[in-house]
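Take a look at the following structure, please.
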Amino acid sequence: SRKMGGKFYITQTLPYVNADPHIGFAWELVQADVIARYHRLLGEEVFFNTGTDEHGLKIYRKALGEKKNPQAYVDEYAEKFRNLKQALNLSEYLHFIRTTDPNHKKAAQEFWKRCEKNGDIYKGIYKTKYCVGCELEKTDSELENGRCQVHPKLDIEIIEEENYFFKFKDYGPKLLKFYEENQNFVLPESKFHEIKNFVGAGLNNFSVSRLKEKMPWGVPVPGDEKHVMYVWFDALVSYISTLGWPNNEENFRDFWGTKENPNGIQLAGKDQVRQQAAMWQAMLMSAGLPNSKQIIIHGFITSNGEKMSKSLGNVIDPYEVVEKYGVDAFRYWLMRELSTFEDGDFS
């Protein structure tokens, strides 16, 4: 039955399934769940989205390393993330999208076609310094001693090949105008400031495909079987493919909203500001779709003051914490003891 009141949509980022769920991701899920439950209490109909991001080089290499078929590998990991629903007592109206779902792949291809039709996708030679840990291109200014600051143990790779590109550069002025018109678009203010500076400094077009012979694990590019879509391009589309876009126009309009009344709220970590608040917004503009309503950015959870990483062996497993202290104590700690927007420490 339809609830009295409006429609509310919230999504958090889709975690990359190359490792077990960790406490930082649990924090984002519980934050989203608390907001979703609150809107449910207001009598609104709530669409709360999560899921798993399952394509890309890191996953492909990991599957091969474990001598597994990539699909079998991601199936196994998706289950570990799906089980968080019960472990963290997430509310019943959770929608779980996987980027290997056939409907999602079709939606990603339709999205690509719309951007291409708009003249925003072209072929070029791609040469870049690349951090496989971030699955992102890196400029020299982002590197410290030739290494990525987030993944200092990994070698930076040089990639040179023919790729498709998205005309991100053209969207700089449109994005700045959009930020100007939507004063609370990114929370907190400091992160909004950061993305305005990033866009204001001038944008570079970004690669949206990879050669299939080098990296076959991805969504095929429509009309060119030599290429697969680059992981970011396909994963971001999950925010709307989960609503049944492009087939279910009504559901899409009800929850994602319209250009006049956008309704999509996204939660993400501070390493995701660029993808969520700039790249995805330009992609939506290109495809002729409504922008997001708001992006809410949280910090990282450190462990005794140190960044959590598998190599340091200090990653906190949310399942273990719940088993030891119970789910309510854990949820309360995440919401009460951690600042909504800043980094927090777990000991």
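The values are calculated or read from the model by the stated rules, or taken from the named source; none is laboratory data. In this text, all values refer to a predicted model and were calculated from it rather than measured experimentally. Here the Cβ positions follow ideal geometry from the backbone for every residue, glycine too, while neighbour counts run over all protein chains shown. Note: areas computed on protein heavy atoms with side chains; ligands, DNA, RNA excluded. Shrake-Rupley method; radii C 1.70, N 1.55, O 1.52, S 1.80 Å.
Could you list, in sequence order, all residues of the range 220-249 that are under 18 Å from Ile265 (Cα atoms) and assigned to a helix (DSSP H, G or I)? Steps first, please.
Taking the range 220-249 first, the residues under 18 Å from Ile265 (Cα atoms) are 235-245.
Residues satisfying the conditions are Ala235, Leu236, Ser238, Tyr239, Ile240, Ser241.
Look through Ser292, Ser286 and report the one residue that is closer than 30 Å to Trp112 by Cβ, surrounded by 12 or more Cβ atoms within 10 Å (Cβ to Cβ), modelled with pLDDT of 95 or more and in contact with an Asp or Glu (Cβ under 9 Å, 6 or more places away or on another chain).
Numbers: Ser292 fails: in contact with an Asp or Glu (Cβ under 9 Å, 6 or more places away or on another chain).
So the residue among Ser292, Ser286 that is closer than 30 Å to Trp112 by Cβ, surrounded by 12 or more Cβ atoms within 10 Å (Cβ to Cβ), modelled with pLDDT of 95 or more and in contact with an Asp or Glu (Cβ under 9 Å, 6 or more places away or on another chain) is Ser286.
Would you check which residues across the range 62-74 are free of Cβ contacts under 8 Å to residues at least 60 places away in the same chain, surrounded by 13 or more Cβ atoms within 10 Å (Cβ to Cβ) and in a helix (DSSP H, G or I) and list them? It would help to see each step written out before you state the result.
As a first pass, look at the range 62-74 and keep what is free of Cβ contacts under 8 Å to residues at least 60 places away in the same chain: 62, 64-69, 71-74.
Restricting the remaining residues to those that are surrounded by 13 or more Cβ atoms within 10 Å (Cβ to Cβ) gives 62, 64, 68, 73-74.
Those that are free of Cβ contacts under 8 Å to residues at least 60 places away in the same chain, surrounded by 13 or more Cβ atoms within 10 Å (Cβ to Cβ) and in a helix (DSSP H, G or I): Lys62, Leu64, Tyr73, Val74.
Starting from the range 188-210, keep only residues that are on the phi < 0 side of the Ramachandran plot, then list their pairs with residues that are open to solvent by 60 Å² or more (accessible area, probe 1.4 Å) and among the aromatic types (Phe, Trp, Tyr) whose Cβ atoms are within a distance under 9 Å, requiring at least 6 positions of separation or different chains.
Correct list of pairs: Pro188/Phe341; Ser190/Phe341; Lys191/Phe341; Asn205/Tyr122.
Still on this structure: With Val208, Val199, Val221 as the choices, which residue is open to solvent by less than 30 Å² (accessible area, probe 1.4 Å) and either touching a His at 6+ places or on another chain (Cβ under 7 Å) or of a type in the set (D, E, K, R) (or both)? Working first, answer last.
Values: Val208 fails: either touching a His at 6+ places or on another chain (Cβ under 7 Å) or of a type in the set (D, E, K, R) (or both); Val199 fails: either touching a His at 6+ places or on another chain (Cβ under 7 Å) or of a type in the set (D, E, K, R) (or both).
Testing whether each residue is open to solvent by less than 30 Å² (accessible area, probe 1.4 Å) and either touching a His at 6+ places or on another chain (Cβ under 7 Å) or of a type in the set (D, E, K, R) (or both) leaves just Val221.
Tell me whether the range 131-141 contains one or more residues that are buried (at least 16 other Cβ atoms within 10 Å of the Cβ) and either over 17 Å from Val231 (Cα atoms) or at pLDDT 95 or above (or both).
So far as the range 131-141 goes, no, none of its residues is buried (at least 16 other Cβ atoms within 10 Å of the Cβ) and either over 17 Å from Val231 (Cα atoms) or at pLDDT 95 or above (or both).
Each row is one residue, and each column tells you yes or no for (1) touching a residue at least 60 places away in the same chain (Cβ under 8 Å); (2) at positive phi; (3) touching an Asp or Glu at 6+ places or on another chain (Cβ under 6 Å).
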residue	(1), (2), (3)
Thr258	no, no, no
Gly269	yes, no, no
Thr302	no, no, yes
Val315	yes, no, no
Trp333	no, no, no
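Turning to a different aspect of this structure: In the range 136-156, which residues are among the acidic types (Asp, Glu) and within 23 Å of the chain's Cα centre (by Cα)?
The initial filter retains those residues of the range 136-156 that are among the acidic types (Asp, Glu), namely 137, 140, 142, 144, 155.
Within the range 136-156, Glu137, Glu142 meet the criteria.
A follow-up question, please. Mind listing just one residue for me: the one in the range 298-347 that is in a loop (DSSP other than H, G, I, E, B), of a type in the set (Asp, Glu) and surrounded by 13 or more Cβ atoms within 10 Å (Cβ to Cβ) and, of those, nearest to the chain's Cα centre (by Cα)?
Per the stated criteria, the residue is Asp343.
For residues that are assigned to a helix (DSSP H, G or I) and β-branched (Val, Ile, Thr), tally how many sit in the range 32-61. Steps first, please.
Residues of the range 32-61 that are assigned to a helix (DSSP H, G or I), as a first pass: 32-41, 57-61.
From what's left, β-branched (Val, Ile, Thr): 34-35, 59.
Adding up the residues that qualify gives 3.
Counting just the residues of the range 75-124 that are assigned to a helix (DSSP H, G or I) and polar (S, T, N, Q), which one comes out modelled with the lowest pLDDT?
We begin by selecting, within the range 75-124, every residue assigned to a helix (DSSP H, G or I); these are 75-82, 84-87, 102-117.
Applying the additional criterion that residues be polar (S, T, N, Q) yields 86, 103, 109.
On the way: Gln86: 94, Asn103: 97, Gln109: 98.
Result: Gln86.
Within the range 167-181, count every residue that is free of Cβ contacts under 8 Å to residues at least 12 places away in the same chain and in a loop (DSSP other than H, G, I, E, B).
Looking only at that region, the number is 0.
Oh, and also: Hey, Tyr164 hits all of (1) assigned to a helix (DSSP H, G or I); (2) within 20 Å of Ala282 (Cα to Cα) but one; which does it fall short on?
Evaluating Tyr164 over (1) assigned to a helix (DSSP H, G or I); (2) within 20 Å of Ala282 (Cα to Cα) leaves (1) as the failure.
Confirm whether Gly43 is over 27 Å from Val315 (Cβ atoms) and out of contact with any His (no Cβ under 6 Å at 6 or more places or on another chain). Steps first, answer last, please.
Details: over 27 Å from Val315 (Cβ atoms): yes; out of contact with any His (no Cβ under 6 Å at 6 or more places or on another chain): yes.
So Gly43 passes the test.
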